[in-house]
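Trainee: First, the structure itself, so that you have it in front of you.
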Amino acid sequence: MEHSATTSTQSNPYQHPIRSGFNASSTAADVIEGTDLTGKTIIVTGGYAGIGLETVKTFAAAGAWVIVPARDLAKAARNVSGIANTTVEPLDLMDPASIDSFTRKFLQTGRSLDILVNNAGIMWVPLQRDARGYESQLSTNHLGHFQLTARLWPALKQAGDARVVSVSSFGHHIAPFDFEDPNFEHREYETLAGYGQSKTANNLFAVELDRRGKAFGVRAFSLHPGSVNGTDLGRVAPVALFQQMGTHDTDGNIYPEVAKNLKTVPQGAATTVWCAISPQLNGLGGLYCENAEVAEVDNGNIAHRYDQPWTLRGVKPYSIDPDNAARLWTLSEQMTGITFEAN
């Protein structure tokens, strides 16, 4: 698949660690300490489970008004119950009409949008397609968020100093974006490749959105939250996939030595929160981050082992390449039928 994703030498010169002072053990509470978000409006997709829910709790505790778009309204209402300053609204990222309905309602409030966290995602699912025939991981993880961001653009621009944060994954290392066959119409479906491609798309979207948005004060970031214990992201994945990666034994149980090196949910939410609010990132954008820090570019110099989660770091050049990013933007406009001019 490498043939379909070129890499130029024009990548972001700021894509390197900046000595943030944080690390893999930092929590969301650590990175937001001392930050007052009173008066800020934030949307967090998938903000009712796992690291998304922790992200919502963290923002709300700092005084922000947080909107949680949800496909499962009952679960969302139950999970955010008792969290001040939060509102649940219906949204299905695989349904374009649902996205338009959600964004229309928000824009009618006249509010500016200070932070958009594109956190919702699915992973390692069997082959499923949306009503347009698009592969479900690409549809949910990228195309739905592309449409959501495009529709919310007036509110982001209105903020004058907004950030769009895309929760990506180390999984982008699994596969570049296949521009020739993004929906697995002419190749055998591999769920890991579908997931990897969608996460590469998250990174590329941040690169091009930042390039277009910075003139309007809108900066974009993507991130790897780390390998996190206690989320329901891999809930439908067959155990064989985890065994293949060396993280689970023959009975389907995670090895204790792997489990003890996984992040907690508060640690998993740290990088999202850092990307959204840190003054250390003022004037920067289009960057891929991890461990509440800007990630190092992986040019084959980093050894990775899935059974050693702390080694899963670095960003692949193809996933932050500006040529690929511009190409994906055009393709995303074609696939969604939306012209996202960002002007």
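Trainee: Amide H to amide H, which residues 5 or more places from A292 or on other chains are under 5 Å from it, using H placed in the peptide plane?
Mentor: For A292, the qualifying residues are T271.
Trainee: Calculate the FRET efficiency for R19 and T87 from the Cβ-Cβ distance with a Förster distance of 41 Å, rounded to the nearest 0.05.
Mentor: Values: r = 37 Å, r/R0 = 0.91.
With a Förster radius of 41 Å, E is 0.65.
Trainee: Determine the percent antiparallel among the DSSP beta bridges restricted to the chain, to the nearest 5.
Mentor: 15
Trainee: Quick one: divide the alpha-carbon radius of gyration of the chain by 2.2 N^0.38 Å and tell me what you get.
Mentor: Cα Rg divided by the expected 2.2 N^0.38 Å: 0.91.
Trainee: A further question on this structure: Show the residues, 5+ positions off or on another chain, whose built amide H is closer than 5 Å to the amide H of A220.
Mentor: Amide H neighbours of A220: V164, D210, G286.
Trainee: So, with +1 on the Cβ of K and R and -1 on the Cβ of D and E, and no other charges, what is the size of the charge dipole of segment 2-335 about its Cα centre, to the nearest 20 debye?
Mentor: In debye, rounded to 20, segment 2-335 gives about 960.
Trainee: Where the only charges are on Cβ atoms (+1 Lys, Arg; -1 Asp, Glu), what is the dipole of segment 15-154 about its Cα centre, to the nearest 20 debye?
Mentor: 180
Trainee: Here's something else I'd like to know. State the answer as a single residue: which of S139, G21, F216 lies farthest towards the positive end of the charge dipole of the chain, with beta carbon charges of +1 for Lys and Arg and -1 for Asp and Glu, about the Cα centre.
Mentor: Farthest towards the positive pole: F216.
Trainee: Of the residues K214, K105, K316, which exhibits the maximal mean-square fluctuation in a Gaussian network model of the chain defined by a 10 Å Cα contact cut-off?
Mentor: Checking each option, the largest mean-square fluctuation is seen for K105.
Trainee: Next up: Of K157/K263; K75/K263; K157/K199; K57/K316; K75/K214; K199/K263, which sit over 29 Å apart, Cα to Cα?
Mentor: K157/K263; K57/K316; K75/K214
Trainee: In whole Hz and in residue order, list the ³J(HN,Hα) couplings for segment 22-29 that follow from phi through the Karplus curve 6.51 cos²θ - 1.76 cosθ + 1.60, θ = phi - 60°; x for Gly and Pro.
Mentor: 9, 8, 4, 8, 5, 9, 4, 5
Trainee: Can you list residues whose amide H is under 5 Å from F22's amide H, if they're 5+ apart or on another chain and H is modeled 1.01 Å from N?
Mentor: Placed amide hydrogens put nothing under 5 Å from F22.
Trainee: Let me ask you something else. Go through 160-166, 47-53 and give me the packing order, highest mean Cβ count within 10 Å leading.
Mentor: Numbers: 160-166: 22.7, 47-53: 25.3.
So the order, starting with the most tightly packed, is 47-53, 160-166.
No value in this document is a laboratory result; all are computed from the given coordinates. Note that this is a predicted model, so its numbers are computed, not measured. With ideal geometry, Cβ positions are generated from the backbone for all residues, glycine too; neighbour counts draw on all protein chains shown.
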